[in-house]
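S.K.: Have a look at this one before I ask anything.
The values are calculated or read from the model by the stated rules, or taken from the named source; none is laboratory data. Since this is a predicted model, take the numbers as computed values, not measurements. FYI the Cβ positions are ideal-geometry reconstructions off the backbone, even for glycines, and counts take in every protein chain you see.
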Amino acid sequence: ITESRFYLHKIMDTAAKDYPNAIKYLKKYHQQLDSTNNLLQLSDIAELNTQIGAERLKMENIQATSHYRITLFSIVTGFLLLSLLFLMLYLHRKRKVNLELCHKNEELSEARDQAEAANKAKSIFLQNMSHEIRTPLNSIVGFSQLITSPDANLSQEERQDFCHLIQHNSDLLLTLVGDILSAAELESNRYTMKIAPHSCNKLCREAITTVEHRKPEGVKLYYTSEVDDCYELSTDGQRVCQILINFLTNAEKHTTQGEIRLHCSLTENPGYVTFSVTDTGTGIPPEYSETIFERFEKADSFGQGTGLGLNICRLIAERLKGKVLLDKEYKEGARFVFVLPVEEKNKSYPKT
């Protein structure tokens, strides 16, 4: 309004040719206009400052909200991570404890099974020994009393038969005690193998000589060899001979007719000396092909013997880095094989 008034006065004065007043009012008009512009600028600046302040406050609120959310998210995430970590540690600890418990349970179960097996083995051992010792002892005592009795009227042939029975039962007792001592000695690792050069043929002939007097009548017992007499094998001769005697004794128990053959070969399994005992007896059922080498196991539970002989053969063979096995392909009786490496080093054993 003021500006309009000054502007009107200016026009009027100009019209009245009052130029000084016109200039005066024009100056005032421009001053007022500058003042108004300044006020407007200040108002705009103030409004702009207000808007900037509002925007700044808004941004600060947004930042504060964002910071709060980030902080809250970090806290929640950290809490979840810690919870997950503790859960993982707990599960790991629980799993470890469970594994330890399972391991302990397995050890306890294994110890229990071993104790039960040992108790069972002890019972079987005592049962076998009570029978195996009593029977030959009764025979020895009974026939000895008959021979030495002054009232016995015995012929020379009867006396010889009784002496033969006494000798046979004495051999059985000697074998029984020898098997028990050998098994205990080998399993305790107290025995040291006496390795020295030995003639394979000589060892086989010694084994044949040892068991020859026990062979049943009508059974042919003989030895064949593909090895020269001068060939020697570095091994424990006593233990090799023990295995061969056990094989031959086992064959004599189950062969009533036919033949029993001990054979030695270097060509059956190259790089190995192969001893085999083949008979024409009753043979071994297939289901016993592995178990007969375990302690107290016999193919015929009512047959004579402790069930230790073949187990001793396995223990000796393992100590000599060899192997004993039953030839499953032989069907005319039984064929037991004893394989020894020619050189003392580990080899994969041949499948016989």
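S.K.: Taking the condition modelled with pLDDT of 90 or more, over 21 Å from Leu173 (Cβ atoms) and touching a helix residue (DSSP H, G or I) at 6+ places or on another chain (Cβ under 8 Å), does Leu262 pass?
M.R.: Details: modelled with pLDDT of 90 or more: yes; over 21 Å from Leu173 (Cβ atoms): yes; touching a helix residue (DSSP H, G or I) at 6+ places or on another chain (Cβ under 8 Å): yes.
Answer is yes for this residue.
S.K.: Looking only at residues in the range 226-268 that are assigned to a strand (DSSP E or B) and among the acidic types (Asp, Glu), which one is farthest from Pro216 (Cα to Cα)?
M.R.: First, the residues of the range 226-268 that are assigned to a strand (DSSP E or B): 232-235, 258-265.
Add one more test, that the residue is among the acidic types (Asp, Glu), and what stays is 232, 259.
Details: Glu232: 32, Glu259: 10 Å.
Looking at residues that are assigned to a strand (DSSP E or B) and among the acidic types (Asp, Glu), I get Glu232.
S.K.: A further question on this structure: List the number of the failed condition for Arg205; all other conditions in (1) touching an Asp or Glu at 6+ places or on another chain (Cβ under 8 Å); (2) assigned to a helix (DSSP H, G or I); (3) of a type in the set (Lys, Arg) hold.
M.R.: Single failed check for Arg205: (1).
S.K.: Restricting to the range 124-162, name every residue that is modelled with pLDDT under 80, surrounded by 11 or more Cβ atoms within 10 Å (Cβ to Cβ) and among the hydroxyl-bearing types (Ser, Thr, Tyr).
M.R.: Residues of the range 124-162 that are modelled with pLDDT under 80, as a first pass: 124-136, 150-154.
If we keep only those that are surrounded by 11 or more Cβ atoms within 10 Å (Cβ to Cβ) too, we end up with 124-125, 127-129, 131-133, 135-136, 152, 154.
The answer is Thr135, and nothing else.
S.K.: Residue under question is Leu174, and the condition is that it be at pLDDT below 85 and at negative phi; does it hold?
M.R.: Yes; evaluated as a whole, the condition is true for this residue.
S.K.: Take the residues of the range 334-352 that are at pLDDT 90 or above and either of a type outside the set (Val, Ile, Thr) or within 25 Å of the chain's Cα centre (by Cα) (or both): which is farthest from Leu244 (Cα to Cα)? Lay out the reasoning, then the answer.
M.R.: Filtering the range 334-352 for residues at pLDDT 90 or above gives 334-341.
Within this subset, residues satisfying the condition of being either of a type outside the set (Val, Ile, Thr) or within 25 Å of the chain's Cα centre (by Cα) (or both) are 334-336, 338, 340-341.
Numbers: Ala334: 14, Arg335: 12, Phe336: 10, Phe338: 8, Leu340: 13, Pro341: 16 Å.
For the range 334-352, the residue satisfying everything is Pro341.
S.K.: In addition: Looking at (1) surrounded by 17 or more Cβ atoms within 10 Å (Cβ to Cβ); (2) touching a helix residue (DSSP H, G or I) at 6+ places or on another chain (Cβ under 6 Å), which is the one condition that is false for Cys204?
M.R.: (2)
S.K.: Related question: Filter the range 184-194 for residues that are outside any helix (DSSP H, G or I) and surrounded by 13 or more Cβ atoms within 10 Å (Cβ to Cβ); which is modelled with the highest pLDDT? Don't jump to the end; show me each part of the working.
M.R.: Filtering the range 184-194 for residues outside any helix (DSSP H, G or I) gives 188-194.
Going one step further and asking which of them are surrounded by 13 or more Cβ atoms within 10 Å (Cβ to Cβ), we end up with 191, 193.
Working: Tyr191: 70, Met193: 81.
For the range 184-194, the residue satisfying everything is Met193.
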